[in-house]
Structure formats: structure tokens, C-alpha cells
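Taking it in order: structure first as C-alpha cells, then the write-up.
The values are calculated or read from the model by the stated rules, or taken from the named source; none is laboratory data. Quantities reported herein were computed from a predicted structural model and do not represent experimental measurements. Cβ placement follows ideal geometry from the backbone for every residue including glycine, while neighbour counts extend to all protein chains displayed. For the accessible areas, the whole protein counts, side chains as well, though only heavy atoms, and no ligand, DNA or RNA atoms are used. Shrake-Rupley method; radii C 1.70, N 1.55, O 1.52, S 1.80 Å.
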Amino acid sequence: RSAFSQFDVKTYRDFGRYKASWERFCQAPPSDWPPKAIGAKILEPLTETESGVIRANLHWASREESLAWVRQRLTGVTTFAVDGSQIFPSKDLSVPVALVQVGWYENRHDGQGGYTKDVELDVLTPADLKAGNSAEPVDRRVNMRRFEMEVARLVRYIEAVSEPERCLVFLDGSLVATFAEAFDPDTRDVYRLALMKLLAVSQARQVPLVGYIDTSYARDLTTTLAHLYRLGDAPSVHDAQMVHHQMQWGDRTPLFECDRSGILLDYGDQRDQITFTYLKTTRDGYPARLELPRWIWEAGRLNQVLDWVRGEVIIGGGYPYVIETADQTAVLQAQDRQIFYRILQDWADRSQIQIRLSRKMVSKARRR
């Protein structure tokens, strides 16, 4: 009890300091803004906001009214998202083998209910996993392959789309691979290069791309405030927590350039091309973080793209429907796992390859 209470008291105290500094920052004239930011650079003027909030002023008397608004914005706009799932190697099998599945959903919003769902699979062999037996930890390689497949599918879609100006592509996650900084250099490069290619092809084809992070613990704005006002480190205070006060559904923060240290410094010509805003997508809870290529803002299309995102959120009841449906398409259930192992065993028998199942797995299969 004491440990939880102390954490709560410290978090509340740190949050109060950062919240006050955020309000001070939003009211400061541009001449007081730091010439070189650390964490985030301002792209839209804070002076045109209400305490750092850009109002959407979207209010409807019923869901029918909100859906009518969505139809006005999204009719004729194609939205696309990819998600993935996997079956990790199991010690219940005598050889290391994994399965990765990515699923995608394309919603054409054409008034006719036109959409496309499909999946792509990849079996990772012992050579792919670089594992000598099923007990070796190889989950990272499986996750890496899933990420590669997800991003590669987004890239192929962007390259093939026929009407780039009427299309919106979602990445379910961040465009900044900070999570990969804990990995070895080769693994880190896989994530970095994949995202750099995705950003580059979005810019080249002028297809809007949104990295959607529903629950974000990013600290770009808090890092800027800590340096500007010498606040000291407060790891428990994050951007979404700090800016959500006074936000109503549909409201957002101004747009910022992500100026984070770490892996972003290795993004080459894409280093300064990732922007972000926080968008209130539910009545309660913190806003979602949206990361977008800088070209969207420079092309004057930011508000249009954000309305498209709001439309997807309305359809999905608080979460973009296109991402939600891609997740449902991609997910592998327990039954799929059993089918995969059955197919694997049948193939091994025909190929005269010895794959032994543990007694535990045989017993489970018999009972079920």
C-alpha cells in the first residue's frame, strides 16, 4: 500500500508541475519559444489555440447525425489498414517452426459496401529462425518478420493505388521505431529501414499515411518542457496525459515535428519528416497520438486527413474501424494453431521428416 501511495503522490505532484508549464508554454509569445527544440518543434501556432487545444466543434444530437457527417467526408475515400498475428515456436514440437499471418482490410466507402479482406502467410523454418532447437528464444525474429510483412503490404498498396488523393492508409503503431533501440544493430535496422521506405513511398505517391497509437506514452512534449523550464525528469508524466484536459471529442493539439533523440537520428532524409498531434477520439480517457508525414501539412491537407480519421473513429465507435477490421482479419485463434500443427504433421509424414509432438500436446488434442 505504501509503495502504491508514494508512486501516486509523486506522479500527481510531477503532473501538476508539467501541466502548469504546458499552460505557460501555450500562452507564451512566439519570441519566447526555444530556437532549437528538444523533443518537439512547433509547426502550427499555439497562439491560435485555447490552452493548446484546437477545437473541432463537432456536436450531434444522435448517432445518425454523426454518420451523416461521416458520409459527407468519407464517401469516395478508400481507407486501408494491415495487422498481423503469429504462432510462436513451441517446445511441444521437436523442431522450431513459426507461422506469421498478416491481414488487410480496404474499405472503399463507395456507398455500395465495397471492401476487400485478405491474408498472407509465411512459415518460418529453423533456418529462418536461426535456431538449433525449439527451446531457443526466437520470438524477436518472429515479431520482426511480422513487422516486415505488415509494412511491406502497406508499401505495395501505396505503390499500386489508383487515386492517391482519395486514399488514407493506416499503420497500427508509431512511425518512429524507438522500441527497437533495445535490439542489436541488425534488428534495429530492419525496423528503421522498413519505416523509412514507408515514409518515402507515401511522400513520393502523395498517399496520406497515419501512424495511429491509441494508448501513447510518448514524451516528446514533456521533454521539450523539461528542457525549457528545467522541470527535472518525470517518467510517469506523458504527453497524452498532460494535454487531454479541456479537450472534447474531436479536438486536437497543434501539429508538432517529432524531434526525438535516438533511432530517429538515423532516419536520413526522413529524420525531420514525422509530425504528430493528439486527437481526442473518445469521451473519456486520453487522446490518441497520430503521426503523419510532414508533406501532408505542407500540402495543406492536414485538416482533410484528420476529418477522415475522425470519420473512421466514429464508424468504429472510438477506434478506427479499418484498423479494427484488419485486426479481426489477421488474428490467429487457438483453433488455427491446432490446424497449423495438424497440417505440419501431415506434411512431415508425407515428406518423411521426423517431427515429434510432446505428450502434453497429444493429450490436449485428444481431449479437445
Scan segment 317-334 for residues that are within 15 Å of Gly173 (Cα to Cα) and assigned to a loop (DSSP other than H, G, I, E, B) and jot them down. Tyr319, Pro320
Per-region count, segment 255-270, residues part of a loop (DSSP other than H, G, I, E, B) and at pLDDT 95 or above: 2
Restricting attention to segment 309-338, report how many residues are among the hydrophobic types (A, V, I, L, M, F, W, C) and touching a helix residue (DSSP H, G or I) at 6+ places or on another chain (Cβ under 6 Å). 3
Quick one: which residue in Arg283, Arg294 is in contact with a Ser or Thr (Cβ under 6 Å, 6 or more places away or on another chain), open to solvent by 10 Å² or more (accessible area, probe 1.4 Å) and farther than 15 Å from Gly52 by Cα? Arg294
Could you tell me whether segment 96-115 includes any residue that is in contact (Cβ under 8 Å) with a residue 40 or more places away in the chain, farther than 30 Å from Trp308 by Cβ, outside any loop (DSSP other than H, G, I, E, B) and open to solvent by less than 80 Å² (accessible area, probe 1.4 Å)? yes
Filtered residues of segment 73-93 (kept if part of a loop (DSSP other than H, G, I, E, B), surrounded by fewer than 24 Cβ atoms within 10 Å (Cβ to Cβ) and in contact (Cβ under 8 Å) with a residue 40 or more places away in the chain): Gly76, Val77, Phe88, Ser90, Lys91, Asp92
Restricting attention to segment 192-230, report how many residues are closer than 21 Å to Gly39 by Cα and either within 18 Å of the chain's Cα centre (by Cα) or open to solvent by 30 Å² or more (accessible area, probe 1.4 Å) (or both). 20
For segment 163-191, name all the residues that are open to solvent by less than 40 Å² (accessible area, probe 1.4 Å), part of a loop (DSSP other than H, G, I, E, B) and touching a strand residue (DSSP E or B) at 6+ places or on another chain (Cβ under 7 Å). Gly173, Ser174, Leu175, Val176
I'm trying to understand the selection: among the residues of segment 242-258, which are of a type in the set (D, E, K, R) and farther than 19 Å from Tyr18 by Cα? Asp251, Glu257
In segment 227-242, how many residues are at pLDDT below 90 and either in a helix (DSSP H, G or I) or of a type in the set (D, E, K, R) (or both)? 5
